[in-house]
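Below you'll find the structure, written out as structure tokens, and then a few comments.
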Amino acid sequence: MDEYIERYGAERIWAATVVLLAVGVTLAALLFPQRVYVDIIWQYFWGPVVADAHGWSCIAWAGGEQVHCNNAPADAGPTAAPGYTLVSYSGYIPTLILFVIGILFVIRRLEIERYRAGFFALFPFMLFGGALRTVEDANVAAYRETGELAIQLPWSGFMISPLIYFTVAFIAFVAVAGSVSLERNGYVSGYEYPLVTVGATALAVTLGWLGYLAATTEYVSFHPLIATIVLTAATVSTAIIWIGITRFAPDLNRGTGLMGIVIIWAHAIDGFANQLMLDWSHVWNLGYSPKHPVNEAIVNVTGSFLPASVTEVTGAAWPFALVKLAAPVFIIWVFNEEIFEENPRFAILMMITVVAVGLGPGTRDMLRATFGI
């Protein structure tokens, strides 16, 4: 394998692999539509997205009509449900690995040097991802209210997990490439300035659309106190943890530096948004249930250990918030100075991923509750 890499180059081998896989899957789907497209691609990959787009728990193929399982005939063929399976994981994980490798190649080609500046400039894009997913939640609410999707498929599918990760990453990639070009041609003093501007603009437009829906429709409302509580709790807890680290364990954050604040805050948003909604959504007459196995497991364990008289006062989801505060501290400790010195490109990419994993779902949960979706 090393001989092939040395002869042809890693980038060419990566590009050839992507092309061969894409062509192979496409040809297989065209030659064997039932066995490949319907029984595999639709059932495990696209069907779950279509079901999620309509807010259905189950969708049937039904000769290509794709209807709710309750309305499907007996011979409707394969069915699908929102979420992931072992089959879908076996497709998404290799795709994600190829995608990340491609990003590393692009970053190397762009010869970006100020990686930490790029990390902070990409922060609005991570918030944008959660806000964009909330737009899709509003799309589902529109379908329930009117029977029509405000944003039609397949476009709405690109705002649903896992496709939304590729959507946001692609938008960010275009913004990075364009910003670096502006810097190289002398239009700006640093690529981070136009990059953060693009991300902030995308976020503002998305939030503006949600605000417009709240003002003009019945299926979207507005509860600003929810966002206020989550943002305040996350910010205060992050400040306390960071002050504790700098005073009692300053070596802990020598690798990440100020990026550690963003990492802790991102996961604090996720923790407190989930805790508030799982335990106290009834205050705003919002129905909310755990959407992730970890949340559900923690709530069940807490409820089994603590008596009902206690959980009625404290709730059962607060341990999840504690976990989301402890996990980023561990990550900051793991990513020490040595990792950043040996491979800064990879380290920063991992930091971006860590923040996105916490801030994306956390922002979505907070905004979904804030807009009553």
- Message: I need the phi-derived Karplus couplings for segment 192-197: 6.51 cos²θ - 1.76 cosθ + 1.60, θ = phi - 60°, integer Hz, Gly and Pro marked x.
- Response: 5, 6, x, 5, 5, 5
- Item | Spin-label model distance (nm) - V174 vs L98, 7 Å beyond Cα toward Cβ | 2.2 nm
- Message: For the full complex of protein chains and a 1.4 angstrom probe, list H54, H282 by accessible area with the highest value first.
- Response: H282, H54
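Please work out how much length the chain gains when fully extended from R184 to N285, using 0.36 nm per residue of separation minus the C-alpha to C-alpha distance, in nm with one decimal. Mind showing how you got there, number by number?
On the way: separation 101, 0.36 × 101 = 36.36 nm, distance 5.28 nm.
In short, 31.1 nm is gained.
What do you reckon, how do F119, F305 stack up by accessible area (1.4 Å probe), largest on top? Show your work: numbers first, answer last.
Details: F119 0, F305 160 Å².
Order by accessible area, largest first: F305, F119.
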- Pairwise FRET efficiency - A74 versus E111, Cβ, R0 = 51 Å, nearest 0.05: 0.25
- Accessible area of E65, 1.4 Å probe, to the nearest 10 Å²? 140 Å²
- Query: Among Y37, H68, G83, whose Cα lies farthest out toward the positive end of the dipole of segment 1-90, if unit charges sit on the beta carbon of Lys, Arg (+1) and Asp, Glu (-1)?
  - Reply: H68
- Query: Looking at A177, F305, N274, which one has the Cα that reaches farthest to the positive end of the dipole of the chain (charges on Cβ: Lys, Arg +1; Asp, Glu -1)?
  - Reply: A177
- Accessible surface ranking that places the most exposed of F272, F120, F125 first, with a 1.4 angstrom probe: F120, F272, F125
- Two decimals is fine: what is log10 I(q)/I(0) at q = 0.13, 0.14, 0.15 Å⁻¹ for the chain, from a Debye sum with one equal scatterer on every Cα and no solvent? -1.25, -1.39, -1.50
- Note on the structure: Diffing segment 206-218: the Karplus 3J(HN,Hα) column from phi (6.51, -1.76, 1.60, θ = phi - 60°), in whole Hz with x for Gly and Pro, holds 5, 5, x, 5, 5, x, 4, 5, 5, 7, 10, 10, 8
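In the neighborhood of W333, defined by Cβ-to-Cβ distances under 11 Å, what is the net charge if each Lys or Arg adds +1 and each Asp or Glu adds -1? It would help to have the intermediate numbers written out before the result.
On the way: positive: R254; negative: D251.
Its environment carries a net charge of 0.
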- Query: Hey, got the dipole for segment 1-117? About the Cα centre, +1 on K and R Cβ, -1 on D and E Cβ, debye to the nearest 20?
  - Reply: 280 debye
- Query: Magnitude of the Cβ-charge dipole of the chain, K/R +1 and D/E -1, about the Cα centre, nearest 20 debye?
  - Reply: 360 debye
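Once the piece of chain linking T228 and L27 is laid out straight, how much longer is it, given 0.36 nm per residue of separation minus the C-alpha distance between them? Before the final figure, lay out the partial values.
On the way: separation 201, 0.36 × 201 = 72.36 nm, distance 5.13 nm.
Stretched out fully, the T228 to L27 stretch lengthens by 67.2 nm.
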- Area accessible to solvent at V174, 1.4 Å probe radius, in Å²: 80 Å²
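Using +1 on the beta carbon of Lys and Arg, -1 on that of Asp and Glu, and nothing else charged, what's the dipole of segment 102-259 about the Cα centre, debye to 20? Don't jump to the answer; show the numbers that get you there.
Numbers: 9 positive and 10 negative charges, 113 e Å.
Dipole of segment 102-259, to the nearest 20 debye: 540 debye.
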- Item | Derived scalar couplings ³J(HN,Hα) [segment 14-26; Karplus, 6.51 cos²θ - 1.76 cosθ + 1.60; whole Hz; x for Gly, Pro] | 4, 4, 5, 5, 4, 5, 4, 5, 5, 5, x, 5, 5
- Task: Excluding G271 itself, calculate the net charge of residues whose Cβ lies under 11 Å from the Cβ of G271, where each Lys or Arg counts +1 and each Asp or Glu counts -1.
- Result: -1
- Rounded to the nearest 10 Å², what accessible area does S57 show when all protein chains are kept and the probe is 1.4 Å? 90 Å²
- Given R₀ = 35 Å, FRET efficiency for E341-W155 by Cβ-Cβ distance, to 0.05? 0.20
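The values are calculated or read from the model by the stated rules, or taken from the named source; none is laboratory data. As the structure is a computational prediction, the values presented were derived from the model and not from experiment. Reconstructed Cβ throughout: ideal geometry from the backbone, glycine too, with neighbour counts over all protein chains shown. Just the protein is used for accessible areas: all its heavy atoms, side chains included, with ligands, DNA and RNA removed. Shrake-Rupley method; radii C 1.70, N 1.55, O 1.52, S 1.80 Å.
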